[in-house]
Amino acid sequence: MKLSYEQKAWLCLLAVLFALTMLSERSGYSIRDLKTVNWDVVLMLTPSGIVNNLLLTPEHYLRPYYSQHSERGDLFGDPAMVVLLLLVGCMAILGLLSFRKSRKPIA
Amino acid sequence: MHGDTRPSFIPQIAKADSMNFDYLYTFTQSNLLEVPIYFLIYRRFLTFRQTLLIVTLANSCTHPFVFFGFMGSGWSYLTSVIIAEMFAVGGETGLHSFASKLSWQRPFFAALVANLFSWQVAPALTYLFFL
């Protein structure tokens, strides 16, 4: 059975989602840990909030939750996270390449 | 039952009850917010399925770097989020333009609108549903 390039791209997407699941597990990131974030500030620093509050100068509100909350899962200190990130990127690019091959040039 | 009674030869990956899907949820939420915007802008050139495919593949290249890289960089939140959004728009413009063979202007406009929308709505959804 010969797969079309678009079908190959969908297969790459499946592999990407699997790798993202592993990344999710490895990262140790937990949404519920964000409870202690100052959400007034986060919600203020959205596009509409920035327009309304240009003078605000927040500090490092989210960093501990993304990189230092758990002992593992820091992108800058965990080689497994880097490998998983590169794996996700490579497979996604492979999928995009396959998709590109399935496309006819646009006049 | 106390402790894990499964045989030790079952790999870590099979322990589904202890898997952490929080980042996957965040990625999916962001992706689902962006796909309809991209489809509105690409609808003359790509089907919905094709849009879903290239948006998800391109997001999987940019989102982990935005999430774990820029947001965990140690810069102030405002600096991190602005640089991360610029990276996302630039990256997705390039990847969409490359994969779909469209000229860069339309993917740039689409990426700008989709990422601004996602940035505006995603934190509010997370706050409403989980906190």
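None of the figures in this text is laboratory data; all of them are computed from the coordinates on show. These numbers were taken from a predicted model, which means no experiment stands behind them. Using ideal geometry, Cβ is built from the backbone for each residue, glycine included, and neighbour counts are taken over all protein chains shown.
Using 7 Å Cα-to-Cβ label points, what is the B:PHE130/B:ARG44 separation (nm, one decimal)?
3.9 nm
Considering the range B:31-120, what Rg and Dmax in Å follow from its alpha-carbon atoms?
12.8, 42
Can you give the FRET efficiency for A:LEU11 and B:TYR25, using 1/(1 + (r/R0)^6), R0 = 41 Å, r = Cβ-Cβ distance, to the nearest 0.05? Mind dumping the intermediate values first?
Details: r = 23 Å, r/R0 = 0.57.
Efficiency, from the Cβ-Cβ distance: 0.95.
Grab the other residues whose beta carbon is less than 9 angstrom from that of B:VAL55, score K and R as +1, D and E as -1, and report the net. If you can, show how the numbers build up before the last one.
Values: positive: none; negative: B:GLU34, B:GLU92.
Once positives and negatives cancel, what remains is -2.
What spacing in nm lies between the two simple spin-label points modelled at A:LEU43 and A:SER4, each 7 Å away from Cα in the Cβ direction?
Each label point lies 7 Å from its Cα, and together they span 4.6 nm.
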